[in-house]
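Step one of this worksheet: look at the structure below.
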Amino acid sequence: SQKIEQNSEALNIQEGKTATLTCNYTNYSPAYLQWYRQDPGRGPVFLLLIRENEKEKRKERLKVTFDTTLKQSLFHITASQPADSATYLCALDPDSGGYQKVTFGIGTKLQVIP
Amino acid sequence: NAGVTQTPKFRVLKTGQSMTLLCAQDMNHEYMYWYRQDPGMGLRLIHYSVGEGTTAKGEVPDGYNVSRLKKQNFLLGLESAAPSQTSVYFCASSSRQGDYGYTFGSGTRLTVV
């Protein structure tokens with residue numbers, strides 16, 4: 001069966017360091033991979049989308065890589081700040097039928113320590 | 001620009017009661033979705049719609065019904081609530097075009113006692 005794996009344990013890092021979150025998947029061939037941020041009591045907020053033919057994408061302090069051979073995406077936050085503390089969700093999109101029907105991972109909680 | 005608005009934000013139901021969760025979006029998005037989020041389970045798709053007047057089942061549709069009579073609104077109904085439907089419900093919308101993800105509402109926390 002299709003499976004998305006994100007590190008369920010919280011990731012604690014010092015302010016100013018680079019945070020790296022991992023998303024692995026099996027039995028899946030996504031056309032797109034997305035990353036979302038979710039704060040407690042709030043809905044997820046879209047951050048970045050990367051296509052299967054793209055290896056890397058950047059947006060300000062965020063960088064996402066997508067390796068379809070390893071079936072893995074890495075999400076980096078450089079110069080991390082306490083305000084970056086949140087849960088980050090990986091989402092896979094099969095691009096089936098011309099509409100988006102996305103499957104989400106359970107998320108990794110990031111805590112940036114001042 | 002409000003984005004996706006969900007009502008109510010909180011609700012407590014007794015087993016067997018019914019209710020409707022309302023979702024409205026003002027971005028002219030074609031696609032709308034209802035997810036539930038439970039601890040350790042992640043977001044699971046209940047029903048979705050690819051256009052006005054059309055709906056389809058997602059991963060966990062049992063016990064729920066939906067309607068999309070207008071493009072901007074997507075309603076989720078619980079006909080006879082059960083404790084297993086205690087969850088946080090999120091509505092989302094998306095566009096057919098562009099490299100954009102989903103826009104989510106702020107959620108409805110439902111407790112069935």
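Taken together, the values in this text are just the output of simple stated rules run on the coordinates, not laboratory data. Remember, predicted model here, so these are calculated numbers, not experimental data. Here the Cβ positions follow ideal geometry from the backbone for every residue, glycine too, while neighbour counts run over all protein chains shown.
What the phi angles of the range A:46-54 give under the Karplus curve with 6.51, -1.76 and 1.60, with θ = phi - 60°, is a coupling list of 5, 10, 8, 10, 10, 8, 5, 9, 10 Hz, glycine and proline written as x. Taking 22 Å as the limit for the C-alpha separation, the pairs A:K71/A:K101; B:K14/B:K71; A:K59/A:K109; A:K101/B:K70; A:K17/A:K63 exceed it in the case of B:K14/B:K71.
Dipole of chain B computed with +1 at Lys/Arg Cβ and -1 at Asp/Glu Cβ about the Cα centre; of B:P61, B:Y35, B:T20, farthest Cα towards the positive end is B:T20. For chain A, the calculated P(r), taken from all Cα-Cα distances in 10 Å bins from zero up to the bin holding the longest distance, is 14, 48, 31, 6, 0 percent.
Across the range B:75-85, computed HN-Hα scalar couplings (Karplus, 6.51 cos²θ - 1.76 cosθ + 1.60, θ = phi - 60°) run 9, 10, x, 10, 6, 9, 5, 10, x, 5, 8 Hz from first to last residue, x flagging Gly and Pro.
Sorted ascending by nearby beta carbons within 10 Å, beginning with the fewest, B:V50, A:V102 become B:V50, A:V102.
Ellipsoid fit via the Cα gyration tensor, the range A:17-60: semi-axes of 20, 15, 12 Å, each the root of five times an eigenvalue, largest first. Cα centroid separation, the range A:27-57 to the range B:42-113: 20 Å. Can you list the chymotrypsin sites (Phe, Trp or Tyr not before Pro) in the range B:45-113 that are in a DSSP coil and have 15 or fewer other beta carbons within 10 angstrom? For chymotrypsin sites (Phe, Trp or Tyr not before Pro) across the range B:45-113 that sit outside H, G, I, E and B with at most 15 neighbouring Cβ atoms in 10 Å, the list reads B:Y100.
Out of all DSSP beta bridges with both ends in chain B, state the antiparallel percent to the nearest 5. Antiparallel bridges make up about 90 percent of those DSSP assigns within chain B.
Here the Karplus curve 6.51 cos²θ - 1.76 cosθ + 1.60, taken at θ = phi - 60°, turns the phi angles of the range B:56-66 into couplings of 8, 7, x, 6, 10, x, 4, x, 10, 9, 9 Hz, with x standing for Gly and Pro.
For B:G58, the residues 5 or more places off, or on other chains, whose built amide H falls under 5 Å of its own are B:H47, B:Y48. Placing +1 on the Cβ of every Lys and Arg and -1 on the Cβ of every Asp and Glu, with nothing else charged, gives chain B a dipole about its Cα centre of roughly 240 debye.
Applying the criteria of a DSSP loop state and at most 11 other Cβ atoms within 10 Å to the GluC sites (Glu not before Pro) of the range A:36-114 yields A:E60. Charge dipole of the range B:53-111 (Cα centre as origin; +1 on each Lys and Arg Cβ, -1 on each Asp and Glu Cβ, all else neutral): 260 debye, rounded to the nearest 20. Legend: ranking of residues B:M19, B:M41 from fewest to most surrounding C-beta atoms inside 10 Å; resulting order B:M41, B:M19.
Alpha-carbon geometry of the protein assembly as shown: the Rg and the Dmax are 17.6, 52 Å, given in that order. The Cα atoms of chain B define a convex hull whose projected area, averaged across directions, is 6.8 nm².
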